[in-house]
Every structure is written in structure tokens, then in C-alpha cells.
Amino acid sequence: MHPIRLIRTSSFRLTLLYAGLFIASVLVLFAMTYWFATQHAAQDEINEIGAEFVSIQDEAAVAGDNRLPMIIEDHLRRRADVRPVYLLENAAGDKLAGNIDAMPQKLGPMVLDLMLGGEFHEVRAHGYSLPGAGYLLIGQDTPVLREMEELIFRTFGFGIAITLLLAVLGGVIVSNSMLRRVEAVSRTAQAIVGHDLSQRVPMRGTDDEFDHLAASVNGMLGRIEDLMRSIRQVSNDIAHDLRTPLTRLRQKLEHARRRATTVEELQDALDGSIAQMDAILETFGALLRIAQIEAGGRAAPVAAIDVSKLLAGIVEDFSPVAEDQGQSLVATIDAGLTVCGDPELLTQMIINLVDNAIRHSPKGARITVQAKLAGEKLELAVADTGPGIPPHERENVLRPFYRLDASRTTEGSGLGLSLVAAIVKRHHATLSLADNQPGLRVAVVFKGAA
């Protein structure tokens, strides 16, 4: 992976951000540790100086104040390991004892830069007032504090360097892994742009967020592939099924233009052409309706529908039509059945099923509209005793424009069951076509019905 491209990835920048936050936290911890450690060490030195002053006072009380210079010299010899500092002055500021030159008398704790052993050292000291207006300065230059400071700086310095190194290394590894998976999505998208709709985003089986994303994208791509396949199929069907009526319409108009000699003949030709145009417009309207339903548009608010009443009304309306065809239309509908849905779409679905059964059943056929409740599911069915549909054709008849050979001479566009399938899918119901022995039984099952 190219380094510049890797650095520009969001994951690498996010890793560096977290690394910066962690380093800032380490620096805050370092500052607090350094402050508390140095304060503690400084307090230890102050306490040690205080103890040294008490010891000198006790010795002077026993030996006498005139022996104080010798006591100071003795302490200088005994405490050579900590590089002690002593200065004893009288009231006039004259040096009486000690290992540094006389200096202005200052009481209390202080930090001095003194020349010791040929080098300047930072010395923590304390000035005391003695009886008789004398002055005693006690201090020490111990390497413990400096060594501790160096150790703290070195430890935290190495820690920060290692943290930064690991952060960059981790950022490279994580970014490279994430970039590879993003590249897989990008390659899939490019392949699809190149009209290869069969491509899918690879999954690793780790069930992480990338696998979830890949599953969602693959589901979307599958849906797009199905829609594109459907569009191609519909386009082919339109080209095939509408070409014939349009050709006939043109031929009819051409014939009327050449052969018609009276107004009545022209009127008949125009009436026939208008009828054919109405059929074509009806076909396009059905296609548009199917597309709108599948796209989720133009839906009425979902409401509780009295299915029993709706079915009874449709059976009553279609009974005369069935009688004219020499058929019988009967209903076996349980009372009080309701389902939530779009009233207009459900009415259209039932009308299509009943009309389809009447249209494709012969004289003397029996058509039954059924509705019953099975647990929490409502089953609505339209069955007939007509020729039925072979099992291998039942999936095909749900496609737009698909018509069986036996029904090609029957009026219709071949969109009735396609519209039914779209409405069923819109209501999250299930549609099944089964053998009625003889005939066809089309059943729609709704969940959560009452």
C-alpha cells in the first residue's frame, strides 16, 4: 500500500489522534509524578537539615556554645558523603566555621548555587538564628534528587517514544487492513459500474462491522440485480406483447385510409382503433401501478379493513358476470375478519383474483371465494374448477405479460397476477398457487390478522 495513501486514511488519522491523546495523558501523569516526587524528596532534605540543626544544638548545649565551631568541623568530616554545606557567622557577619565563604545572613529555607569541589551545585539550605545574635547556615547537595529527576525524565521519555512508535505501527497495520476491505468494496462497486451485477463484496466470516456492512451491501446489490433483471424482462415483454396490438392498430388505420369510402366505414375504423388504444393504455396503466406499488408510492394510510364485508361486496358485484358466463360464484367467508392494510390495494387484489378466475374458467365452472382465520393468520383464497396452471408454470405466471399458451386468445394483458403479487409483497403477506383438483387455488396469507 502506498505510504501517502495509507497516511491519508481515516483509520490512520484516528489512530494518531488517539495516540496524541494518550501521549498527552502520559505527559500529565509525568508532570504530576515529577511534581509529587520532587516535592517529597525536597521535603526529605528539609527534614534532614532540620534534624542536623537539632543535633548540633544538642551537642552545643552539652559542650558549650564556644565549642560550636569545632562541632561544625566535626559534622563536616562525618557527612562528607552528602556534600554538606555549613556556615557559622557571628553577629558582625564574620565567618567562624564552615566550608563556604561568608554571605549575607538570610533566615528560612533557600536554594543556593555554590561552588563546591570546583563546580557549581544547586544546594538546598536553611538559615537559623543562634542565641547571642549568631547565624548558622546548614545545607546539603545530595545527588538523590537529581538522579531521581533524571530517572523520571528518562523513563517517561522512553515510554512516550515507544508509545508513539507502537501507535504509528498500529495505525499502519489497522489502516492497511481496513483499507484492503474498503478496496474490496470499491472494486465490487467498479465492477458493478462496468455492468457486472453478479459481483458481491467478500466476507471474512468474522461477524464484525465490516461483515455486517458487506452483508447489507450484498443484499442491496441482490435487490438491484433483481430489479434490473425485472426491468429487462418487462422491457422485453413490452416489446413483445405490445408490438402486436400496435402493429394491428397501424394496419387498421392504414387499411381505413386506403379502403374506407364512406363516413360509416371511417367511423367503424376509428372506434376499433380507439378500443385498441384503450387496451394499450390500460396495459401501461397496470404496469405503472405495479411499479408504484413496488416502489412504495401512492399508498393510502394503513387501516383496519373488514375483509368479510369487502369480500361479500365483491362476490355480490361479480355474481352477475359469472352467471353471464354460465359459471357459479359462491362465497365461504367467516364473519368478522379484519386485517390492516391499504383498502384500495386490497380491493384491487381481490378483484383481480376473481376476474382472473372468471376469465380463464370455462362454462359450468364453479368459483369459490374463501376467507378464514387460522391462529393469528388470515387466509384468503379464490379457487376455481377451470383448467388450472401446470406446477412448472406457476412461478412464471406471476411475471408481467407472461401468459400460458391456452390463454393467449383470452382478453387481457397478462398483468393481473403480477399486480396481485406486488400487492401481496407490499403487505408482507405470502402468495401461493396450488392445484384445486381440478382447477387453480390462489391463496394469500396475512400475518397478525384478527
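Ala275 - would you say it is of a type in the set (Gly, Ala, Ser) and either within 28 Å of Leu16 (Cβ to Cβ) or modelled with pLDDT under 75 (or both)?
Values: of a type in the set (Gly, Ala, Ser): yes; either within 28 Å of Leu16 (Cβ to Cβ) or modelled with pLDDT under 75 (or both): no.
When the stated conditions are applied, Ala275 does not pass them.
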### Query
Got at least one residue in segment 298-317 being modelled with pLDDT under 85 and either at positive phi or part of a helix (DSSP H, G or I) (or both)?
yes
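Taking Ser198 as the residue in question, decide whether it is part of a loop (DSSP other than H, G, I, E, B), at pLDDT below 80, within 30 Å of Ser216 (Cα to Cα) and not acidic (Asp, Glu).
Numbers: part of a loop (DSSP other than H, G, I, E, B): yes; at pLDDT below 80: yes; within 30 Å of Ser216 (Cα to Cα): yes; not acidic (Asp, Glu): yes.
Spelling it out, Ser198 is indeed part of a loop (DSSP other than H, G, I, E, B), at pLDDT below 80, within 30 Å of Ser216 (Cα to Cα) and not acidic (Asp, Glu).
Yes or no: segment 232-239 includes at least one residue that is at pLDDT 75 or above, among the aliphatic types (A, V, I, L, M) and over 30 Å from Leu346 (Cβ atoms).
If we filter segment 232-239 for residues that are at pLDDT 75 or above, which is where we start, we get none.
Looking through segment 232-239, none of the residues is at pLDDT 75 or above, among the aliphatic types (A, V, I, L, M) and over 30 Å from Leu346 (Cβ atoms).
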### Summary
Residues of segment 29-82 being within 16 Å of Leu137 (Cα to Cα), at pLDDT 85 or above, in contact with an Asp or Glu (Cβ under 9 Å, 6 or more places away or on another chain) and charged (D, E, K, R), in sequence order, are Asp74
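Go through segment 129-146 and give me each residue that's part of a strand (DSSP E or B) and closer than 12 Å to Ile49 by Cβ.
Taking segment 129-146 and keeping what is part of a strand (DSSP E or B), we get 129-130, 134-140.
Of everything in segment 129-146, those that are part of a strand (DSSP E or B) and closer than 12 Å to Ile49 by Cβ turn out to be Leu136, Leu137, Ile138, Gly139, Gln140.
Per-residue answers, yes or no, for (1) outside any strand (DSSP E or B); (2) more than 23 Å from Ala41 (Cβ to Cβ):
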| position | (1), (2) |
| --- | --- |
| Ala51 | yes, no |
| Ala61 | yes, yes |
| His75 | yes, no |
| Ala92 | yes, yes |
| Gly127 | no, no |
#### Entry: Condition broken by Lys95, with the remaining ones in (1) of a type in the set (Lys, Arg); (2) surrounded by 11 or more Cβ atoms within 10 Å (Cβ to Cβ); (3) at pLDDT below 85 satisfied
(3)
### Query
Does segment 335-345 contain any residue that is in the same structural domain as Leu398 (by TED's automatic domain parsing), touching a residue at least 24 places away in the same chain (Cβ under 8 Å) and farther than 26 Å from Arg426 by Cα?
no
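I'd like the full set of residues that are part of a loop (DSSP other than H, G, I, E, B) and touching a Gly at 6+ places or on another chain (Cβ under 9 Å), limited to segment 94-104. Give the derivation first.
In the first step, residues of segment 94-104 are kept if they are part of a loop (DSSP other than H, G, I, E, B); the result is 94, 99-104.
Selection gives Ile100, Ala102, Met103, Pro104.
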## Note on the structure
If we ask which residues in segment 105-125 are in contact with a Gly (Cβ under 6 Å, 6 or more places away or on another chain) and not in a strand (DSSP E or B), their number turns out to be 2
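Listed here are the residues, each with its yes/no results for (1) at pLDDT below 85; (2) touching a helix residue (DSSP H, G or I) at 6+ places or on another chain (Cβ under 7 Å); (3) part of a strand (DSSP E or B).
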| residue | (1), (2), (3) |
| --- | --- |
| Gly364 | no, no, no |
| Lys372 | no, no, yes |
| Glu379 | no, no, yes |
| Gly388 | yes, no, no |
| His392 | yes, no, no |
| Val397 | yes, yes, no |
| Phe401 | yes, yes, no |
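Looking at Ile160, is it among the β-branched types (Val, Ile, Thr), over 30 Å from the mean Cα position of the chain (by Cα) and within 30 Å of Asp94 (Cα to Cα)?
Values: among the β-branched types (Val, Ile, Thr): yes; over 30 Å from the mean Cα position of the chain (by Cα): yes; within 30 Å of Asp94 (Cα to Cα): no.
Judged against the criteria, Ile160 is not a match.
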### Task
Just need a number here: residues in segment 326-354 that are farther than 18 Å from Lys309 by Cα and in a helix (DSSP H, G or I).
0
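The values are calculated or read from the model by the stated rules, or taken from the named source; none is laboratory data. All of these numbers come straight from a predicted model, not from anything done at the bench. Ideal geometry is used to build each Cβ from the backbone, glycine not excepted, and the neighbour counts take in all protein chains shown.
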